[in-house]
Amino acid sequence: MDFRFSPEQQAFQNEVRDFILTEVPQELRWCERTAFTDALWPAVLETRKKLAQKGWATMHWPVEYGGQGASHIAQTLLVEELAYWGMPQAITVDDGPNLIGPTIIRFGSDHLRKTLLPSIASGETYWCQGYTEPGSGSDLAAVRTTAVQDGNHYVINGQKDFISGAARADWIHILARTNPEAPRHRNLSYFVVDMRSPGITLSPLDEAQGRSGMLNEVFFDNLRVPAENLVGERNEGWQVAMSTLNLERSGIENVGHARSFLKDIVTYARETVHDGESLLNIDRVSSKMAEMAVKIEACRLAAYRVAWLRDKGLNPDYESSMSKLLSSEMWQQFTDAVMQVLGHYGPLESDSRYAPLKGRIEEAYIGSIFETIYEGTSEIQRNVIAQRGLGLPRR
Ligand SMILES: Cc1cc2nc3c(=O)[nH]c(=O)nc-3n(C[C@H](O)[C@H](O)[C@H](O)COP(=O)(O)OP(=O)(O)OC[C@H]3O[C@@H](n4cnc5c(N)ncnc54)[C@H](O)[C@@H]3O)c2cc1C
């Protein structure tokens, strides 16, 4: 066992850092709330394309599909570094290269590989994921959206809820019921759907962060999808979806964010004088920082263990849930701790002249609330760890 990155990995990390500092517009740093707006979206798209041109977005794909056959450790380093510099999720944890591309490589037909992978690899298409429905968020298999075959097409009717980035997405991946008679988990099929197809309408949901257009309800009304857009076998979509969702749980982006914030907050505390004393001299403040440093390190190790398992050809299962659980809860505790350290300045928004760290903490604090909800709630991750990790009975 070796806990150090290799010289090549360290060199890659430096290369990514240089790229961000020289090639990525400064306005994209810490812009999660505004990344989908008309003002910033063109710069987000441009940066995604630049990452693709470097071959980094899909570096972990096999060479035959346009990747570099790079290790998952290297790909995790990339995401951590992008997150460290505050790149928005549409760049750091992009569904196309990270979720749907590997799913198509594993389960998709040659037709889907040929037609969809190149535009994912070049950063030209933006994907969203459509799993949650009214009444079926945690219980993912309780899908009510139906897909009925009609010749060379499936006709899809239903609704997906709380879909991030749907208003900007070119494509969506979804589960739909194709066999109402069959038991749960054997009645679902996995489809990829062009978001510009007739029969799709969106309705934005206003969320706490004020990112209008970010979250949407997506309605399918007699949507006709070519039968060739089925990924994997008909009625075997559950296995495909589980494989997709397993790919998203490591939470390394929270580690990148937290490492960056910790550095800045230590500087802030050193320079800020309270009752004639530097904030850092207050025991409660320095012990909070130390406690958070420990938690960040634990999360980092858990996330790289997930990457290591993938590199060994093993399928991380409850290990991904552990990593996701740790990092999402760490990020909430971390932003809360920083809020306490900043006192009444903490909640000030970025446009306030008094906001410390340019208001980044206020945005991060609100944003962290959602981390324990999406990609499977903390309760669901604990269930997975108890059942699949510890072999305890299902609850
Ligand atoms: C900001 C944001 C972005 C999102 N983006 C997307 C997206 O892009 N695509 C998408 O498909 N979905 C997305 N979602 C939806 C998200 O995945 C669901 O909200 C989540 O899976 C929980 O489902 P639910 O809201 O229906 O809660 P429910 O499933 O109704 O759960 C309610 C509560 O009960 C608990 N609970 C439920 N079942 C169990 C159980 N068996 N054991 C213990 N506790 C349980 C849950 O943990 C939760 O606390 C997003 C949500 C948010 C907030």
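The values are calculated or read from the model by the stated rules, or taken from the named source; none is laboratory data. Predicted model, so just to flag it, every value in this text is computed and none were measured. Neighbour counts are summed over all protein chains in view; Cβ atoms, including those assigned to glycine, are modelled from backbone coordinates with ideal geometry. The protein model used for the area step is the full one, side chains on, heavy atoms only, and it has no ligands, DNA or RNA in it. Shrake-Rupley method; radii C 1.70, N 1.55, O 1.52, S 1.80 Å.
Taking only pairs six or more apart or across chains, which ones have beta-carbon atoms under 7 Å, a first residue in segment 188-208 that is on the phi > 0 side of the Ramachandran plot, and a second residue that is in a strand (DSSP E or B) and of a type in the set (Asp, Glu)?
Every condition considered, the pairs that remain are Gly199/Asp221.
Scan segment 356-376 residue by residue and report those that are on the phi > 0 side of the Ramachandran plot, open to solvent by less than 50 Å² (accessible area, probe 1.4 Å) and either over 13 Å from the mean Cα position of the chain (by Cα) or away from the ligand (no atom under 11 Å from the Cβ) (or both).
Within segment 356-376, Leu357, Gly359 meet the criteria.
A quick yes/no check of all residues on (1) in the same structural domain as Arg305 (by TED's automatic domain parsing); (2) surrounded by fewer than 18 Cβ atoms within 10 Å (Cβ to Cβ); (3) more than 30 Å from Cys128 (Cβ to Cβ):
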residue: Asn229; (1), (2), (3): no, no, no
residue: Asn254; (1), (2), (3): yes, no, no
residue: Asp264; (1), (2), (3): yes, yes, yes
residue: Glu271; (1), (2), (3): yes, yes, yes
residue: Ile282; (1), (2), (3): yes, yes, yes
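Are any residues in segment 121-160 surrounded by fewer than 19 Cβ atoms within 10 Å (Cβ to Cβ) and outside any loop (DSSP other than H, G, I, E, B), and if so, which ones?
Within segment 121-160, Ser136, Thr146, Val148, Gln149, Asp150, His153, Val155, Asn157, Gln159 meet the criteria.
State yes or no: is Ala11 surrounded by fewer than 22 Cβ atoms within 10 Å (Cβ to Cβ), in contact with a Gly (Cβ under 9 Å, 6 or more places away or on another chain) and not assigned by TED's automatic domain parsing to the domain that holds Gln209?
Considered against the rule, which asks whether it is surrounded by fewer than 22 Cβ atoms within 10 Å (Cβ to Cβ), in contact with a Gly (Cβ under 9 Å, 6 or more places away or on another chain) and not assigned by TED's automatic domain parsing to the domain that holds Gln209, Ala11 comes out as no.
Given the criterion part of a helix (DSSP H, G or I), more than 16 Å from the ligand (Cβ to nearest atom), open to solvent by 20 Å² or more (accessible area, probe 1.4 Å) and more than 24 Å from Ala83 (Cα to Cα), identify the matching residue among Gly343, Gly391.
Exactly one of Gly343, Gly391 is part of a helix (DSSP H, G or I), more than 16 Å from the ligand (Cβ to nearest atom), open to solvent by 20 Å² or more (accessible area, probe 1.4 Å) and more than 24 Å from Ala83 (Cα to Cα), namely Gly343.
Considering only segment 134-143, I want to know if a residue exists there that is near the ligand (Cβ under 8 Å from one of its atoms) and closer than 30 Å to Glu46 by Cβ.
no
How many of the residues in segment 198-226 are open to solvent by 20 Å² or more (accessible area, probe 1.4 Å), farther than 20 Å from Arg144 by Cβ and among the polar types (S, T, N, Q)?
Counting residues in segment 198-226 that are open to solvent by 20 Å² or more (accessible area, probe 1.4 Å), farther than 20 Å from Arg144 by Cβ and among the polar types (S, T, N, Q) gives 1.
Would you call Ser109 polar (S, T, N, Q), within 20 Å of Met242 (Cα to Cα) and more than 18 Å from the chain's Cα centre (by Cα)?
In short, yes.
Given the options Leu77, Leu45, Leu116, name the one that is touching a residue at least 40 places away in the same chain (Cβ under 8 Å), surrounded by fewer than 19 Cβ atoms within 10 Å (Cβ to Cβ) and among the hydrophobic types (A, V, I, L, M, F, W, C).
Leu45
Does Lys324 satisfy being open to solvent by 20 Å² or more (accessible area, probe 1.4 Å) and in a helix (DSSP H, G or I)?
So Lys324 does not fit the description; no.
As an exercise: evaluate Ile104 against (1) of a type outside the set (Asp, Glu); (2) under 17 Å from Gln53 (Cβ atoms); (3) surrounded by 23 or more Cβ atoms within 10 Å (Cβ to Cβ) and give the number of the one condition it does not meet.
Only one criterion in (1) of a type outside the set (Asp, Glu); (2) under 17 Å from Gln53 (Cβ atoms); (3) surrounded by 23 or more Cβ atoms within 10 Å (Cβ to Cβ) is unmet by Ile104, namely (2).
Give the number of residues within segment 62-104 that are closer than 24 Å to Gly165 by Cα, out of contact with any Leu (no Cβ under 7 Å at 6 or more places or on another chain), assigned to a loop (DSSP other than H, G, I, E, B) and not acidic (Asp, Glu).
Residues that pass the stated criteria total 3.
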